[in-house]
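For reference, the structure discussed in these notes is given below.
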Amino acid sequence: MQQIQVPENNAAMALICLLIPLLPFIGFVINGLGNGKLPKSVVTLVGCGSVLVSFLLSIYLFISFPAGSVGYTTEIFNWIKVGSLSIPFAFQIDQLSLIMLLLVTGVGFIIHVYSAGYMSHDPGFGKFFAFLNLFIFSMLLLVMGANYAMMFIGWEGVGLCSYLLIGFWNKVTPYNNAAKKAFIMNRIGDLGFLLAIFLIFMTYGSVTYSEVFTQAPTLPVSSEMITAITLLLFVGAMGKSAQLPLYTWLPDAMAGPTPVSALIHAATMVTAGIYMVLRSNVLYTMAPITLEFVAIIGLATAVFAASIGLFQNDIKKVLAYSTVSQLGYMFLALGVMAYSTSFFHVLTHAFFKALLFLGAGSVIHAMSGEQDMRNMGGLRKALPVTFITMLIGTLAISGIPPFAGFFSKDEILAHVFEHNKIMWAFGLLASFMTSFYMFRLMFLTFFGGFRGTEEQRHHLHESPKSMTLPLIILAILSTIGGFMGLPPVFSENHSLGNFLAPLFTASQQLNPEAFGHHMDHATEYMLMGISVVVALIAAIIAYVIYVSKKSVPAAEGTETGLHKLIYNKYYIDELYDSIIVKPVMGLSTGLYRFVEKGIIDPVVHGFGRITMGGGRGLRVLQSGAIGSYLLTMVAGIILILVLNYIMR
Amino acid sequence: MNEIPEVIRTIPLNYYLFLSTALFVIGVTGVLLRRNAIIIFMCIELMLNAVNLLLVSFSAYRSDPNGQVFVFFIMAVAAAEVCVGLAIIVMIYRNLQSTDVHLLNKLKW
């Protein structure tokens, strides 16, 4: 008899794939149920430990992944099966999801450790870790899912966690409003994503990646359907990744605790939109119109957000606008079909932006909750570790070699240069502004004299080990992270690009031109030189203004002209308020007054009154005397008999 | 029809029908008009037996034993019903010192 060999290895792989998201979920359950009962040491152990084990398992998956393969899927169970629709609960392990796994669990673990120090005085310690673990779980579902439906669950899950964590200090009304704003803005994007999933199912009869992408090329390039699908998917990405015009929630999301800003609103969740576009790169390659649109939105966001960042005084707001701007860069790269470059920037950005946020958290921690840079200054002596690590982060984001941001940003700019020179110029402008506001942040915070109160001066201290250690690790990653993608002039071997290449083979077949490098080395050197010089000039200008001249941003309300416009974020929030929120509110109030009170209420109450009156009239029949009931009954029977007789 | 015994055919079927109708109407009238629970109860029995009589007579005139089997069942069930009914009447009497059904009019709005 022939025996079917169950491949032992596959079963083990499926178990590992299942465990990676399951462990943080178990952590969430334990910490959530034990909120307020478990001691902090146990909460920390469960919260960090579960993510650490997931990270180690992810490393194992990464190491055992066969090089150059197209990836594999492991089906856990059949989730939805209705008619021709079949959605398995399956995980897809390939180059993209593997690196995202490492990123989410790795950076997630570092930030969990940091949180243990940062949140140690907070009464909601257990709740915080429960939410963080739930976030990691949702994010892992998002990146591991093998179909759009699973991605959507993760997508909603991370949105929910984002909401919960932004409003973590839920006794403060503005924080709750920020949380609601984030949720609603994301919902607008989610609607686009959901419609895109419906269209995908309608067109291809499946939502599983492998089936959709193999069938994708059957439609003609830039057909209406494919353009609609990609545009709607991009609307989802706009919401989640804070692109124009749905970006306003991200700066407000800084109301949450700083580790949350670092994990969710810088390193992982906001890059979900980029992940989604990368995942659907075949569809996007077939829709050049959408790509152009993506590039324009990305570029506009990069420039726009960077310009707002120039004059913000809240240390976290600067970083928030910087994040929006960097996400714009990533979409710009996607728009010019530099897919692996965009992902490269996702990675390096995760390192240095998480580092900058955690550094800012360390500064805020030392300043007893102060976030206004006008009240800081001269902190480099009190916070040496934070200073050095944040300096590395700043150099990385500004694009100064050999730090990570230089390589990824330069690669993006090089691809944009090939695509369109004007776009490149605007990209360079954004890069200039990035460098300026980051150095402005550094100089205002760490240089000059201390501008805070005496009380704060006495309190100044370097953060505990659990907070500085993550900073150091991230600083190392920000320093060396760029070497996984050396530009062609230094090395022919772009290790990240080569690793990711199998993901983009289908796109490459569709549009081979976009993937060929035809830039000579001289141009490449020139571009690199220009971007470094621009970053340095911005840094020098910032130095002159904020260190040599010791100028401090003026108090609220004294700005003039353009400065005032930018300081108030171009009045975009006010604009949305007056063109969307107010009319909707007015409409609702009007509907309430006239439709609800004037039409619906009287009708509903009228039915109630009729029924009541009828009952009041009829209840006299129920006299309680059996005789009368019997008489009625007999009379009824006789009536039926008589009628029966007559009818016949 | 031609198998019906001569003895039975001496009395026409209609006589039975009139008798049972009369019995039934007496029963109904009693139930409607009398106030004593025991009398009402007896009137119900009267109606039951009027039906029984009807069933039996049709059974005989049509040479179909089913009707008679039915009657046996009705008598058995009626006996059981009498047990319960009389017990209820006894309880009513113990509580109210009377069997007047018009006193039992508390179940109303």
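The values are calculated or read from the model by the stated rules, or taken from the named source; none is laboratory data. Just so it is clear, the structure is predicted and the values come from calculations on it, not from any experiment. Heads up, the Cβs are rebuilt from the backbone with ideal geometry, glycines too, and the neighbour counts pull from every protein chain shown.
Remarks
- Within the stretch B:91-109, if we keep just the residues that are more than 7 Å from every other protein chain (Cβ to nearest Cβ) and touching a residue at least 60 places away in the same chain (Cβ under 8 Å), the residue that is nearest to A:LEU618 (Cα to Cα) turns out to be B:ASP100.
- When the stretch B:61-90 is limited to residues that are within 14 Å of another protein chain (Cβ to nearest Cβ) and touching a residue at least 24 places away in the same chain (Cβ under 8 Å), the one that is farthest from the chain's Cα centre (by Cα) turns out to be B:ILE89.
- Looking at A:VAL642, A:VAL603, A:VAL634, just one residue is assigned to a helix (DSSP H, G or I) and within 30 Å of B:LEU103 (Cβ to Cβ), and that residue is A:VAL634.
- Residue match in the stretch A:592-607 (condition: more than 30 Å from B:THR29 (Cα to Cα) and within 12 Å of another protein chain (Cβ to nearest Cβ)): no
- Screening the stretch A:226-319 for helices (runs of 4 or more DSSP H) wholly inside it with 2 or more residues that are under 24 Å from A:VAL107 (Cβ atoms) returns the ranges A:249-252, A:258-262, A:272-279, A:288-309.
- Only one of the numbered conditions (1) loosely packed, with under 11 Cβ neighbours inside 10 Å; (2) among the β-branched types (Val, Ile, Thr); (3) modelled with pLDDT under 85 is not met by A:VAL603, and that is (3).
- Every condition in (1) part of a helix (DSSP H, G or I); (2) surrounded by fewer than 24 Cβ atoms within 10 Å (Cβ to Cβ) holds for A:MET151 except the one numbered (2).
- Any hit, the stretch A:198-211, residues being in contact with a Lys or Arg (Cβ under 8 Å, 6 or more places away or on another chain), surrounded by 19 or more Cβ atoms within 10 Å (Cβ to Cβ) and aromatic (Phe, Trp, Tyr): yes
- Summed over the stretch B:1-20, the residues that are surrounded by fewer than 13 Cβ atoms within 10 Å (Cβ to Cβ) and either assigned to a loop (DSSP other than H, G, I, E, B) or within 12 Å of the chain's Cα centre (by Cα) (or both) give a count of 7.
- Every residue from the stretch A:102-148 that is part of a loop (DSSP other than H, G, I, E, B), farther than 17 Å from A:GLY27 by Cβ and out of contact with any strand residue (DSSP E or B) (no Cβ under 7 Å at 6 or more places or on another chain): A:SER120, A:HIS121, A:ASP122, A:PRO123
- Subset of the stretch A:1-49 [in contact with a His (Cβ under 9 Å, 6 or more places away or on another chain) and either at pLDDT below 90 or under 23 Å from A:ALA90 (Cα atoms) (or both)]: A:THR44, A:GLY47
- Selection from the stretch A:534-544 of residues that are surrounded by 16 or more Cβ atoms within 10 Å (Cβ to Cβ) and either over 18 Å from A:MET376 (Cα atoms) or aliphatic (A, V, I, L, M) (or both): A:VAL534, A:ALA535, A:ALA538, A:ALA539, A:ALA542
- Here B:LEU32 does not qualify as loosely packed, with under 13 Cβ neighbours inside 10 Å and within 14 Å of another protein chain (Cβ to nearest Cβ).
- The residues of the stretch A:613-648 that are within 60 Å of the chain's Cα centre (by Cα) and either exposed (fewer than 10 other Cβ atoms within 10 Å of the Cβ) or away from chain B (no Cβ under 14 Å) (or both) amount to a single one, A:GLY613.
- Elements of the type helices (runs of 4 or more DSSP H) sitting completely within the stretch A:412-523 and holding at least 2 residues that are at pLDDT 85 or above and buried (at least 18 other Cβ atoms within 10 Å of the Cβ): these cover A:421-446, A:465-480.
- The stretch A:39-79 - residue that is in a helix (DSSP H, G or I), under 26 Å from the mean Cα position of the chain (by Cα) and polar (S, T, N, Q) and, of those, surrounded by the fewest Cβ atoms within 10 Å (Cβ to Cβ): A:THR44
- Filter result (hydrophobic (A, V, I, L, M, F, W, C), crowded, with 17+ Cβ neighbours inside 10 Å and more than 25 Å from the chain's Cα centre (by Cα)) within the stretch A:360-390: A:ALA366, A:MET367, A:MET373, A:MET376, A:LEU379, A:ALA382, A:LEU383, A:VAL385, A:PHE387
- Residue in the stretch B:38-46 that is under 28 Å from A:GLY636 (Cα atoms), away from chain A (no Cβ under 14 Å), touching a residue at least 60 places away in the same chain (Cβ under 8 Å) and of a type outside the set (D, E, K, R) present: yes
- Index of the failed condition, A:LYS171 passing every other in (1) surrounded by fewer than 22 Cβ atoms within 10 Å (Cβ to Cβ); (2) closer than 29 Å to A:MET119 by Cα; (3) among the basic types (Lys, Arg); (4) within 21 Å of the chain's Cα centre (by Cα): (4)
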